[in-house]
1. Is there a residue being away from the ligand (no atom under 16 Å from the Cβ) and in a loop (DSSP other than H, G, I, E, B) anywhere in region 340-353?
2. Quick one: in region 154-168, of everything that is open to solvent by less than 10 Å² (accessible area, probe 1.4 Å) and β-branched (Val, Ile, Thr), which residue is farthest from the ligand (Cβ to nearest atom)?
3. So which pairs qualify, if the first residue must be in region 240-262 and closer than 30 Å to residue 351 by Cα and free of Cβ contacts under 8 Å to residues at least 12 places away in the same chain, the second must be β-branched (Val, Ile, Thr) and within 16 Å of the ligand (Cβ to nearest atom), the Cβ gap must be under 6 Å, and the two must be at least 6 apart or on different chains?
4. Give the residues of region 203-220 that are surrounded by fewer than 16 Cβ atoms within 10 Å (Cβ to Cβ) and in contact with a Leu (Cβ under 7 Å, 6 or more places away or on another chain), sorted by residue number.
5. Filter region 123-142 for residues that are more than 14 Å from the ligand (Cβ to nearest atom), open to solvent by less than 30 Å² (accessible area, probe 1.4 Å) and part of a strand (DSSP E or B) and give the result.
6. Does any residue of region 109-122 turn out to be outside any helix (DSSP H, G or I) and either open to solvent by 30 Å² or more (accessible area, probe 1.4 Å) or within 13 Å of the ligand (Cβ to nearest atom) (or both)?
7. Could we say that residue 201 is in a helix (DSSP H, G or I), in contact with a strand residue (DSSP E or B) (Cβ under 6 Å, 6 or more places away or on another chain) and more than 12 Å from the ligand (Cβ to nearest atom) here?
8. Quick test for you: out of 59, 69, pick the one residue that is within 19 Å of residue 232 (Cβ to Cβ) and within 16 Å of the ligand (Cβ to nearest atom).
Amino acid sequence: EKGGWSSFMAKEVAEQPEAVANTIRGRIQDGQVVIPELDGLDELFTGINRVIITACGTASYAALVGKYAIEQWARVAVDVELAHEFRYRDPVIGADTLVVSISQSGETMDTLMAVKYARERGARTLSVCNTQGATIPRESDAVVYTHAGPEVAVASTKAFSAQITALLLLGLHMGRVRGTVADASTDVAELLALPEKVAAVLESEQEHVTQLAGWMADTRSVLFLGRHVGYPIALEGALKLKEISYIHAEGFAAGELKHGPIALIEPGQPVFVLVPSPRHSALVHSKVVSNIQEIRARGARVIVVAEEGDAAVLPFADEVIHIPLAGPMFEPLLAVVPLQIFAMALATAKGLDVDQPRNLAKSVTVE
Ligand code: F6R
């Protein structure tokens, strides 16, 4: 079933261009995002004044990207809540709240219980799910399926990319319905270009990143910094590394550095920095470049993920991983790929089974 691949994870990482393309397919009409499953359900999006996205683990990082996209396009406040935290307090929700759940398996008990809880409190519920007919979509008012295909490796990769894709589609769909996106043509073009760009990253960085991981097989800790939609990707890069290579890793919002994490920087400490494009915001870009200078001055080994042609990062980076140019909401789908390859290659260099990491199950059906 692995085909010629060394692991399911390697196969699933490589399948991401199709996972993204299949999730988009059938959801663009006349230059607009129209999700057929949501036909007749406009009220879900017009009758609300807030959105809560709930999920666990990797799916919660996709949720964070979704927050930026939905707020930007649909102009509605979005909070992301870990499912197991959400229902063990007394959250303020009701008929004006849309609770979006995200789950690859559709069977995660924590997420399922959060959905049931939200429904009981009168909220509207929509699930983003990769498994047809699973329990979570059955318990929700509406479902948007991701079409990543079955994911076998415990560490989620292609499902994550498909979740982000679905949330971008949902954001544009909501924006159209709510009348807050007048012209989606640029973003639709960005969406359609994604599969090829993801394939380009796989093609151009596989060898480089694998080699880098090989050199770092003895590393005991790796930090990841990101800003804006790069922040959830920093969290995801750290989670992948923890899960399959058993190396201590932390993701931080780059702006938090001086509020604490910079104390961790000592000579030789590897730090991945996800650099947002200077084309999106020169200000945000320059802030991340100063973070890089700050950690470099303290001896960090800086591995930068930046768009092609970003010359500002070159003087301060020990390694540069390039991603193609993409719109602000679309960079996460490109930036995550080298981090997945890095985790996989490092685990492999340590002789570990990347598909079956210790102590973890693919689907967490207990609380
Ligand atoms: C990480 C991973 C987990 C899952 C989480 C939610 O690689 O796989 O963090 O993302 O357990 O699972 P689903 O999406 O099935 O609800």
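1. yes
2. Looking at residues that are open to solvent by less than 10 Å² (accessible area, probe 1.4 Å) and β-branched (Val, Ile, Thr), I get 165.
3. Going by the 6 Å Cβ cut-off, there are no qualifying pairs.
4. If the condition is that a residue be surrounded by fewer than 16 Cβ atoms within 10 Å (Cβ to Cβ) and in contact with a Leu (Cβ under 7 Å, 6 or more places away or on another chain), then 217 is the only one that fits.
5. Those that are more than 14 Å from the ligand (Cβ to nearest atom), open to solvent by less than 30 Å² (accessible area, probe 1.4 Å) and part of a strand (DSSP E or B): 125, 126, 142.
6. We begin by selecting, within region 109-122, every residue outside any helix (DSSP H, G or I); these are 121-122.
Still in the running and either open to solvent by 30 Å² or more (accessible area, probe 1.4 Å) or within 13 Å of the ligand (Cβ to nearest atom) (or both): 121-122.
The answer is yes, given that some residue of region 109-122 is outside any helix (DSSP H, G or I) and either open to solvent by 30 Å² or more (accessible area, probe 1.4 Å) or within 13 Å of the ligand (Cβ to nearest atom) (or both).
7. yes
8. Details: 69 fails: within 16 Å of the ligand (Cβ to nearest atom).
Within the list 59, 69, the selection yields 59.
The values are calculated or read from the model by the stated rules, or taken from the named source; none is laboratory data. Bear in mind the structure is a predicted one, so any value in this text is a computation, not a measurement. Neighbour counts run over all protein chains shown; Cβ positions are idealised from the backbone, glycine included. Each accessible area value is taken on the protein alone, full model and side chains, heavy atoms only, with ligands, DNA and RNA left out. Shrake-Rupley method; radii C 1.70, N 1.55, O 1.52, S 1.80 Å.
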